[in-house]
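The values are calculated or read from the model by the stated rules, or taken from the named source; none is laboratory data. Source: prediction; values computed, not measured. As a convention, Cβ positions derive from the backbone with ideal geometry for all residues, glycine included, and neighbour counts pool all protein chains shown. To get the accessible areas, we keep the full protein, side chains included, count just its heavy atoms, and leave off ligands, DNA and RNA. Shrake-Rupley method; radii C 1.70, N 1.55, O 1.52, S 1.80 Å.
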Amino acid sequence: MLITSETQFKVRYSETDQMGIVHHGNYAQYLELARIDWLSRLGISYKSMEENGIMLPVFTLDLKFKKSAFFDDELTVKTSLRKIPTVKIIFDYEIFNSSLELLTTASTTLVFVNSETRKPIPCPLFLIEKIQNH
């Protein structure tokens, strides 16, 4: 793991099912929130990347549920960069509740894509430099 950050938030009522458990479909949004926060802490604006013609679509998403999260839980998503990015960037995640119980592990692979051509491109040099200087 190269660079790790932690993102915290509370589970909203609308994210739960009839049993009061966070619906599995919300976890992709939690990971996106944590990933954008990870970039921001590195000094990189996802919006700015898009404005400069770089998109990062998700290529793979892997989730493993260990325990349930519930309405009003304070969750912490620990986001880690797995290795120096190439044409793809891989993140690993651990989601904990406020009792520090591990609820979920996950990973995502995203691909750097030119927004005009929709073709894969190498990781931008500025991102590699930020990672190496961190």
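Of note:
- Expressed as a whole percent, the accessible surface of the chain that belongs to carbon and sulfur atoms is 52, based on a 1.4 Å probe.
- Extent of the stretch 4-50 along its three principal axes (Cα atoms, max minus min coordinate, largest first): 39, 21, 14 Å.
- The chain: angle of helix 27-41 to the longest principal axis, Cα-based, in degrees nearest 10: 50 degrees
- Here the extension length gained between N52 and T109 equals 18.4 nm, from 0.36 nm per residue of separation less the Cα-Cα distance.
- Radius of gyration, Dmax [the chain; alpha carbons; angstrom]: 15.6, 47
- Accessible surface comparison of F65, F112, probe 1.4 Å, protein chains only, largest first: the order is F65, F112.
- The helix-only estimate of mean residue ellipticity at 222 nm for the chain, built from DSSP H runs of length n ≥ 4 each weighted as -39500 (n - 2.57), is -6500 deg cm²/dmol after division by the residue total.
- Label point of H23 set 7 angstrom out along Cα-Cβ; within the stretch 64-80, amide nitrogens under 20 Å from it belong to 64-75.
- Based on C-alpha pairs under 8 angstrom that are at least 6 apart in sequence, the stretch 54-113 has a relative contact order of 47 percent.
- Eligible lysines near K88 by straight Cα distance, threshold 24 Å, same-chain separation 8 or greater: K47, K64, K78, K119, K130
- On a per residue basis, the chain carries 59 Å² of accessible surface, using protein heavy atoms and a 1.4 Å probe.
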